[in-house]
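A short write-up of the structure that comes next.
The values are calculated or read from the model by the stated rules, or taken from the named source; none is laboratory data. Since the structure is predicted, the reported quantities are computational estimates derived from the model, not experimental observations. We place every Cβ from the backbone using ideal geometry, glycine too, and count neighbours over all the protein chains shown. Each accessible area value is taken on the protein alone, full model and side chains, heavy atoms only, with ligands, DNA and RNA left out. Shrake-Rupley method; radii C 1.70, N 1.55, O 1.52, S 1.80 Å.
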Amino acid sequence: MRNWVVSLAALALAGCGSSNSTDFTLDVSGNASAMKQNLAVMHDQTLSLPGVLAATMTSDAEGLTFTIPAADGYDPAEIRMDFTQQGPSTQIAVAVDVPQVDMGAAQYLSEEKVEAELKKNLLAWKEQWRMTGDAASTKELQLTLALVALAAQQVDPAKAYMGGFDGFDFGAMESEAAGWGEDNELPERDYPADDGGWGADASGDGDDGGWGAGA
């Protein structure tokens with residue numbers, strides 16, 4: 001089994017914030033329309049994951065909205081990107097809304113850590129765009145959306161297959177995405193920011209490794 005399964009098995013990420021407000025922005029040199037077209041394929045790999053409801057993408061004049069179905073009883077996750085041309089550059093405003101999906105072991109999906117991973121992915125994409133223009137790869141972004149889909153839908157990672165990501169460095173992904181979860185013992189509490197992976201420990205003791213954190 002590939003290393004991504006190890007990462008996903010510990011995935012447990014916290015819903016906070018709203019897709020109605022911008023979580024972070026990125027300024028990229030180039031044409032807004034071309035960037036929008038390039039990033040529109042972010043959800044493509046979720047279309048071929050057996051047993052997983054695929055993410056959908058809608059486009060309007062201002063930007064793109066990616067909607068990721070979640071397990072029964074939870075609202076879907078939503079990632080919104082607005083593209084604003086500012087002279088020779090484009091500002092991409094990103095808003096992320098992720099449900100507090102129960103991941104077991106007193107852990108739940110962390111919106112804050114999804115935001116951090118997407119920002120990291122987009123910064124890498126920005127560098128590729130600077131070098132290659134509309135040939136910039138969206139594979140890391142696609143992987144993040146696929147993993148969020150698996151987590152949000154409570155899919156058993158041992159039964160999932162992600163053959164479309166052959167050649168991807170899942171070992172690096174596992175290391176970089178350590179701690180994608182938060183303790184769900186006190187879901188109403190405002191959790192402090194944590195720069196370690198995708199999650200934080202609600203008790204304030206920090207992450208325990210992997211994509212989740214213990215109570």
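For the subset of segment 58-90 comprising residues that are in contact with an Asp or Glu (Cβ under 6 Å, 6 or more places away or on another chain) and either exposed (fewer than 15 other Cβ atoms within 10 Å of the Cβ) or of a type in the set (Ser, Thr, Tyr) (or both), which member is modelled with the lowest pLDDT?
Glu62
Taking interchain pairs and intrachain pairs at least six residues apart, which have beta carbon atoms under 6 angstrom, with the first residue in segment 31-51 and at pLDDT 90 or above and the second aromatic (Phe, Trp, Tyr) and part of a helix (DSSP H, G or I)?
Listed by first residue and then by second, the contacts come to nothing, as the list is empty.
Within segment 100-123, which residues are closer than 30 Å to Val28 by Cα, of a type outside the set (Gly, Ala, Ser) and in contact (Cβ under 8 Å) with a residue 40 or more places away in the chain?
Leu109, Glu111, Glu112, Lys113, Val114, Glu115, Glu117, Lys119, Lys120, Leu122, Leu123
Among (1) buried (at least 20 other Cβ atoms within 10 Å of the Cβ); (2) at pLDDT below 95; (3) under 23 Å from Leu47 (Cα atoms), where does Tyr108 come up short?
All conditions pass for Tyr108, except number (3).
For segment 32-42, how many residues are open to solvent by 60 Å² or more (accessible area, probe 1.4 Å) and either hydroxyl-bearing (Ser, Thr, Tyr) or under 11 Å from Ile92 (Cα atoms) (or both)?
Going through segment 32-42, the residues open to solvent by 60 Å² or more (accessible area, probe 1.4 Å) turn out to be 33, 37.
Right, trim to either hydroxyl-bearing (Ser, Thr, Tyr) or under 11 Å from Ile92 (Cα atoms) (or both) and you get 33.
Residues meeting the conditions: 1.
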